[in-house]
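A short write-up of the structure that comes next.
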Amino acid sequence: MTSIGGMELVDWNLAVATATRLVKSGPEVSRDEARAVVAELRRHAQAAEEHVRSFTRMAEGGAAQRDTPVLVVDRAGWIRANVAGFREVLKPLLEKMRQRRGAGPGGMVLGAVGGKVTGVEVGMLLSFLASRVLGQYETFAPASRDLPSGDGGGGRLLLVAPNIVHVERELDVDPHDFRLWVCLHEETHRTQFTAVPWLRDHIEGEIQSFLAETEVDPGTLLERLREAVQSLAGGRSGEDPAEGEGGRGLIEVVQTAEQREILGRLTAVMSLLEGHADYVMDGVGPQVVPSVAEIREKFQKRRASGAGRLDQALRRLLGLDAKLRQYRDGERFVRAVVEEVGMEGFNRVWTSPNTLPTKAEITKPADWVARVHRRAES
C-alpha cells in the first residue's frame, strides 16, 4: 500500500493473517484423499471446458481460455488471492482516503491505528466467506508466483477443494458428480471472461466509477454506517434482519445517488453472469452428470436456507441475499431469452457494453429482446 511514513489505511498482511488464523482448515481427509480430490477437480475442469464451450457456442475464447490457469486451492489460498484482488481494485479509493486523512490533524496516528483495525475487520469477513465459496474466476489480482496468469495476462480459475468436499458430504450426494457439476458453473465464468475480451475492463471501469463517487469524509461515512446498522437491526422497518428479503445490505446504504445508478448496472451484469452460469450448468448437467436432478434440488435448498440465524444475518449484512436473487433472476432472464431467440440470439448480449441487459431488463427479458433484436432488424 502507498503510505505516509508507513501509514496504511488497510493492513493487508494483517487481514490475511487474521483470516487464515480464524478460518477452519476444512473437513478431515487423508493425504491420499486430498491428492485424489485435487487431481479429479483438475480433470473435471478440463472436461467442463469443452462441455461449456460447445453448449454456449462461445468458442472464440478457446485459445485464451486454455491460457488461463486452473488453481485448486485451500481456504487460505482463496483468502490470499482475494486480498491481492481487493488490494489492486481499491488502490485509487484508498489513495484518495489516505490523502484526505493524512492532511488532517493526527492523520498519521489515525492511519496507523485505523489500518490495523480495518485489517482485522477485513480478515474476519474473509474468514467467514472462505469456508463458503466453492469456486471463483479471479481476474483482478496481478500475476505472482502464487497466482500465475496466462501469457496474455487475465485471470485464473480457483476451485476451493475443502469447501467442495464439505458441501458434497453435507448434501450426501455423489462426490464425483458434484465436483463436475461445480466445475461446469465455474468454467462458464472462465468462458465468459476469455471469450468476451472487453468484459473484465468494463466491470473494472464500473467498479472504479463506483469507488470514485465514494464519500471520504469520515463524518459522512460514520452517519451512513449508522444508518446501515439501524437498518440491519430492524430499527427503521421493524423487520428481523435474519429473515426475508426486504431491507438493505451494507453496500446499499453506504452510497450516493450516482453510486446507486452504477450499482444498478453492476447488479444487472452480475445477475447475467451468475444466471448464465446456472443455466449452462443445468443445461449441460443431464448429459454428463447422472445425479444432477438430486444435486440441484439439495443445493438449491441449502443455498436458500443458510446455515442458521447468525449465518443469515451475516449474509444480509454482506449483501449475499442479493447475490442469491442474482442467481435466480439472471437464470430466468437467460432461459427466457434463449427460448425466444435461441442461443445464438442470446449471445448478442456479449457484443458490447451497450447490449448488456439493464437492471429492469433482467426482470423483463422481452424488453431486452425488443431493444437488441427487433430494433436491429428494423
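The values are calculated or read from the model by the stated rules, or taken from the named source; none is laboratory data. Quick caveat, the model's predicted, so the values are computed rather than measured. All Cβ positions, even for glycine, are placed from backbone atoms using ideal geometry, and neighbour counts span all protein chains on display. In case anyone asks, the SASA skips ligands and DNA or RNA and just uses the protein heavy atoms, side chains included. Shrake-Rupley method; radii C 1.70, N 1.55, O 1.52, S 1.80 Å.
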Heavy-atom accessible area of V167 with all protein chains present, probe 1.4 Å, nearest 10 Å²? 0 Å²
List every residue whose amide H lies under 5 Å from the amide H of L158, counting only residues 5 or more places away in sequence or on a different chain, with H placed 1.01 Å from N in the peptide plane. L71, Q136, Y137, E138
Protection-proxy order for peptides 128-137, 174-183, each taking the mean of Cβ atoms within 10 Å per residue, highest first: 174-183, 128-137
Note to self: C-alpha centroids of the range 169-201 and the range 324-346 sit apart, in Å, by 17 Å
Could you order the peptides 362-368, 90-96 from most to least packed, using the average number of other C-beta atoms within 10 Å per residue? 362-368, 90-96
Could you give the length gained on full extension between T355 and H373, defined as 0.36 nm per residue of separation minus the Cα-Cα distance, in nm? 5.5 nm
